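Worksheet for the structure shown next.
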Amino acid sequence: MEKLRLVMIGNGMAGCRTLEELLKHAPDLYDITVFGAEPHPNYNRIMLSPVLAGEMGVRDIILNPLEWYAEHNISLHLGKKIEKIDRINRRVIASDGTAAKYDRLLLATGSSPFILPVPGNDLPGVIGYRDIADTDMMIEAARLHKHAVVIGAGLLGLEAANGLLLRGMDVTVVHIAGWIMERQLDQASADMLMASLEQKGIRFKLNAQTAELVQGESGRVCALRLKDGETLPADIVVMAAGIRPNAELARDAGIHTNRGVVVNDTMQTYDPRVYAIGECAEHRGVAYGLVAPLFEQAKVCANHLAMNGIGRYSGSVTSTKLKVTGIDVFSAGEFMGGDGTEEIVLHDPSGGVYKKLVLKENKLVGAVMYGDTADGGWYFQLLKDRQNVAEMRDSLMFGEMAHASRIGDAGHQGNNKAALMADSAEVCGCNGVCKGTIVKAIKEQGLFTLDEVKKHTKAASSCGSCTGLVEQILASTLGGAYQHANPSDKAVCGCTDHPHGEVRKAIREQHLLSVSAVMEAMNWKTPNGCATCRPAINYYLISTWPHEAVDDPQSRYINERHHANIQKDGTYSVVPRMLGGITTPDELRAIADVADKYQVPTVKVTGGQRIDLLGVKKEDLPKMWEDLSRAGMVSGHAYGKSIRTVKTCVGAEHCRFGTQKSMSMGVKLETMLFGMYAPHKVKLAVSGCPRNCAEAGIKDVGVIGVDSGYEIYVAGNGGIKTEVAEFLVKVSTDEEVMEYSAAFLQLYREEGLYLERTCHYVARVGLDYVKKIILDDAERRKELYERMLYSLQGFEDPWLQAVKDPEIRKRYEILSV
Amino acid sequence: MSTWKTVCALVDIPVLGSRVVRSAEGDIAVFRNAEDEVFAVHDKCPHKGGPLSQGIVHGKSVTCPLHSWKIGLDTGEAQAPDVGCAKRYDCKVESGVVMLKVA
Ligand code: SRM
Ligand SMILES: Cc1cc2nc3c(=O)[nH]c(=O)nc-3n(C[C@H](O)[C@H](O)[C@H](O)COP(=O)(O)OP(=O)(O)OC[C@H]3O[C@@H](n4cnc5c(N)ncnc54)[C@H](O)[C@@H]3O)c2cc1C
Ligand code: SF4
Ligand code: FES
């Protein structure tokens, strides 16, 4: 069969991104032909600013080298501008006469700098700032000449001015409005920004209008005259007064255009064979001028070109960041405020910090920051999610770190300092990756997403604790081009486009019972997934269909597959359960005996109130378990995304201050939860009084005895980033403690994303939501409690299973030749 | 001289799983994938020596259990951007029996 023909006009960022996405979905559907007016393969246009500033070379910013086009059999016509679209014969014609027929046409022509209609605007030395040719011309001019004038103090103008300054020119910026970047900043932040740019040496003329450009003796521009008569010397004039979508080609072909080429939610123009994407397109009245929206559009467009027919583009909220080294500015949303909005402002002129947050109906709708922009990504996410911020209002201004329970496993304390970190500072402790390596990879390899950084640098690909830091680095390196990922709509991994929630929904709605059934039903892209998606799917299966779904050991992480923690040298550790941290001489003797018998090198008391036997050989595991089972001991699940420990203090049983019997309460809870698998590990603690010796304040569920009963706290975490548990409810009986705790944990088991701990889950859905279900709806609470009990019914100790079942035991045996 | 030696029955290796074979050349991990193909590599990850036999198997690769390097089972090579190679051994199935070519 003949393949369909896809022709793309414009070989820039939006177009090539669409092709990349398309090739992922349908590598063989089309014969692809690309026309690009520039003589270069696709490059990272936003990095032209660092190129101009001398921080990078042109070679560093190529995104798709020529080999990429060849590899995918794309016929590439560089340096050929399309002059006409002949819709009747479905072909396009280039300036040199080359023609190509299409079945589908993709317009990705970007936009052009707006050239002010003033006398002299066509003189040599007057240019826009858009592509490599412009950049080369500016670099050349800086070598030969002295005076530069930039018209327009927007993002692009300031980056141009900064670059020319660094290249040794005297630079004046002429701006029509009363303050710079007036479309991104309010006056207070703009004034601070202007002051620091002036300090660098850039001069500004505000409220200034250009009257004409004056020709010099050499024939090129020599000066710029303002309306008020003032004349500024200018050997080069850069017009950065806005952009115009390149829509004429479509307009001439009779396709409906407005400012840009008008497209619908599937990126189709009024001619359904013709798609438009990127800066040339106008969607719901908006023509975007930043890359983040283009990527979203590319995904949707590729999906439809691949004839999958799913996905709609519904517009983007954008944020901006200026790429001038040493200066941090961030802005997003309705930063000027307006009717019905309130503002929270922090202004420290001598400290060089300004922050303004605009709130409307308890939601963040705009933000401007100068000086300290580390929280930009976080505010932007709150804004896009329209999250209710009423509860965090008092700490909102101080950023993500100050806000006690925040989104995502963002990582170490260093989080907010990403931008300030030295290049040699280590970011990923697991893989030994430093900041410089990550920044270099982002710039040189053109990375835009966390996944890409993971793949290329390995940072954040192991324990994940530095994920937040890596996202910060991405955000500070890419500026507005960075899309802060939202965990609930992130695809599970590269093997699929489906996010976690959809996988879970499909499992529930289609009653899927095995990993392979899920992959088949959801069109997984790889034959049997990978080490990221398989464990997640397996968990969703067993938590959704307990006693029914097939628990696949090969889809479990090694620790869970072998019911022991793997060590750095490939040996394992054995941690028997000690309910509530209470043991007996007999248990201790049994532990001592196995330690002797199997020559366990280290015996350690853990932070979870029990004993760890470390350095056990794999083949000895079942034998040790056999001995331990004989003494009545079972697995402590120290290795699982599961119930770990319930720590207790001595409590009313012995302590002179104790108000409740914390030991027996702890034992009851731990007994009830034995065998509970969860999205991540779960730890509880019960203290007998508010002195809280069991540290219940940093547990997933913390119970504190008081005179009249128990207080229950949830969603604490003592790990990578300490989170204090939040008060859920006060109850009076042991039975209520069991019911409320189990209901909360069951809710988390049913809704938490795989590898999301309770603190992250609650930060995502909000404590109010949890309270509404657990406290206000007694029926739902009871149902959750019952579902928990049902799923744990008849759970058999995995150690004993391995001891008894020869098939399982075989897995631990070593063969020989 | 390397010769073919019998290891175990194919069914003794779980699908998408592995067995460890102790040999004069050290531990060798023998894998079985979803297509019932078998592969053998030295049971030591080129990164920090993790036991590859304990990783998750997918396609023709295994993800190391210690720091998640992906190792191609047919070549023993780490997947880019990581660089490294685990020694591979010839391995085949004959009438349901897994054979390994070792010294
Ligand atoms: C054995 C123990 C340390 C000790 O000797 O005391 C331990 C050992 C490990 N911890 Fe832990 N943690 C131990 C108590 C803790 C505690 C304290 C506690 O439970 O009261 C914490 C903080 C409390 C918490 O979790 O909220 C803790 C927070 C972590 C974290 C960070 C979790 C987080 O959400 O931030 C990890 C990493 C992870 O799970 O992804 C971790 C991961 C690990 C792993 C499993 C790392 C791994 O994947 O190999 C360690 C296994 C070591 C090994 O080679 O066997 N361990 N770990 C403790 C076992 C307790 C037990 O009896 O089961
Ligand atoms: C200096 C600079 C800095 C920037 N910084 C940022 C930033 O920090 N953050 C951010 O989000 N965005 C930034 N941008 C904007 C960003 O680069 C654009 O949003 C993005 O490149 C638009 O992609 P596109 O594919 O729509 O257009 P382009 O990348 O411009 O690609 C369009 C291509 O089509 C070609 N073309 C046009 N007409 C024809 C024709 N008739 N025939 C053949 N080819 C044709 C053009 O030559 C061009 O190569 C910056 C832009 C510039 C210039
Ligand atoms: S803190 Fe936990 S994870 Fe880190 S080295 Fe100690 S035991 Fe291992
Ligand atoms: S030892 Fe295998 S990834 Fe580190």
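Quick rundown of the values:
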item	result
Only listed residue being in contact with a Ser or Thr (Cβ under 8 Å, 6 or more places away or on another chain) and hydroxyl-bearing (Ser, Thr, Tyr), chosen from A:331, A:350, A:395	A:331
Residue list for the stretch A:338-395, filter: within 23 Å of residue A:726 (Cβ to Cβ) and part of a helix (DSSP H, G or I)	A:378, A:379, A:381, A:382, A:385, A:390, A:391, A:392, A:393, A:394, A:395
Candidates A:653, A:726, A:711, A:736, filtered to the one that is more than 13 Å from ligand 1 (Cβ to nearest atom), closer than 20 Å to residue A:783 by Cα and assigned by TED's automatic domain parsing to the domain that holds residue A:769	A:736
Criterion (surrounded by 17 or more Cβ atoms within 10 Å (Cβ to Cβ), part of a helix (DSSP H, G or I) and either within 14 Å of another protein chain (Cβ to nearest Cβ) or more than 34 Å from the chain's Cα centre (by Cα) (or both)) met by exactly one of A:528, A:538	A:538
Spans of strands (runs of 3 or more DSSP E) in the stretch A:79-126 with at least 2 residues away from ligand 2 (no atom under 16 Å from the Cβ), among the hydroxyl-bearing types (Ser, Thr, Tyr) and within 14 Å of another protein chain (Cβ to nearest Cβ)	none
Verdict on residue B:50 being modelled with pLDDT under 95 and either within 23 Å of residue A:453 (Cα to Cα) or within 11 Å of another protein chain (Cβ to nearest Cβ) (or both)	yes
Residue check for residue A:671: touching a helix residue (DSSP H, G or I) at 6+ places or on another chain (Cβ under 7 Å) and assigned to a loop (DSSP other than H, G, I, E, B)	no
Residue within the stretch B:61-77 that is small (Gly, Ala, Ser), more than 16 Å from ligand 2 (Cβ to nearest atom) and farther than 23 Å from residue A:570 by Cα present	no
Hits in the stretch B:79-92 - residues which are free of Cβ contacts under 8 Å to residues at least 40 places away in the same chain, within 11 Å of another protein chain (Cβ to nearest Cβ) and surrounded by 13 or more Cβ atoms within 10 Å (Cβ to Cβ)	B:79, B:82
Filtered residues of the stretch A:541-590 (kept if of a type in the set (Ser, Thr, Tyr), away from chain B (no Cβ under 13 Å) and within 27 Å of residue A:750 (Cβ to Cβ))	A:543, A:544
Test: residue B:44 is without any contact (Cβ under 8 Å) to a residue 24 or more places away in the chain and within 11 Å of chain A (Cβ to nearest Cβ)	no
Options A:300, A:263, A:274, A:291; residue that is under 16 Å from residue A:85 (Cα atoms), assigned by TED's automatic domain parsing to the domain that holds residue A:10, buried (at least 21 other Cβ atoms within 10 Å of the Cβ) and β-branched (Val, Ile, Thr)	A:274
Selection status of residue A:675, of a type outside the set (D, E, K, R), touching a residue at least 24 places away in the same chain (Cβ under 8 Å) and out of contact with any Lys or Arg (no Cβ under 9 Å at 6 or more places or on another chain)	yes
Helices (runs of 4 or more DSSP H) wholly inside the stretch A:551-641 containing at least 3 residues that are charged (D, E, K, R)	A:585-597, A:621-630
Number of the condition not met by residue A:519 [criteria: (1) more than 12 Å from chain B (Cβ to nearest Cβ); (2) crowded, with 21+ Cβ neighbours inside 10 Å; (3) more than 24 Å from residue A:811 (Cα to Cα)]	(1)
Flag for residue A:778 being surrounded by 19 or more Cβ atoms within 10 Å (Cβ to Cβ) and away from ligand 2 (no atom under 16 Å from the Cβ)	no
Tally, over the stretch B:1-20, of residues that are facing chain A (nearest Cβ under 9 Å) and more than 15 Å from residue A:570 (Cα to Cα)	9
Enumerated strands (runs of 3 or more DSSP E) restricted to the stretch A:214-259, each holding at least 3 residues that are closer than 30 Å to residue A:90 by Cα	A:243-245
Single residue of B:62, B:30, B:98, B:38 found to be closer than 23 Å to residue B:1 by Cα, facing another protein chain (nearest Cβ under 9 Å) and buried (at least 19 other Cβ atoms within 10 Å of the Cβ)	B:30
Single residue of the stretch A:303-324 satisfying the filter (β-branched (Val, Ile, Thr) and within 16 Å of ligand 2 (Cβ to nearest atom)) that is farthest from the other protein chains (Cβ to nearest Cβ)	A:317
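Condition check ((1) within 16 Å of ligand 1 (Cβ to nearest atom); (2) touching a helix residue (DSSP H, G or I) at 6+ places or on another chain (Cβ under 8 Å)) across all residues:
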residue	(1), (2)
B:19	no, yes
B:22	no, no
B:26	no, no
B:31	no, yes
B:39	no, no
B:45	yes, yes
B:50	yes, no
B:58	no, yes
B:64	yes, yes
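For every residue, the table says whether it meets (1) of a type in the set (A, V, I, L, M, F, W, C); (2) more than 22 Å from residue A:784 (Cα to Cα).
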position: A:688; (1), (2): no, yes
position: A:691; (1), (2): no, yes
position: A:705; (1), (2): no, yes
position: A:729; (1), (2): yes, no
position: A:734; (1), (2): no, no
position: A:743; (1), (2): yes, no
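The values are calculated or read from the model by the stated rules, or taken from the named source; none is laboratory data. The structure displayed is predicted, hence computed values, not measured ones. Cβ coordinates were reconstructed from backbone atoms using ideal geometry, including for glycine residues, and neighbour counts include every protein chain displayed.
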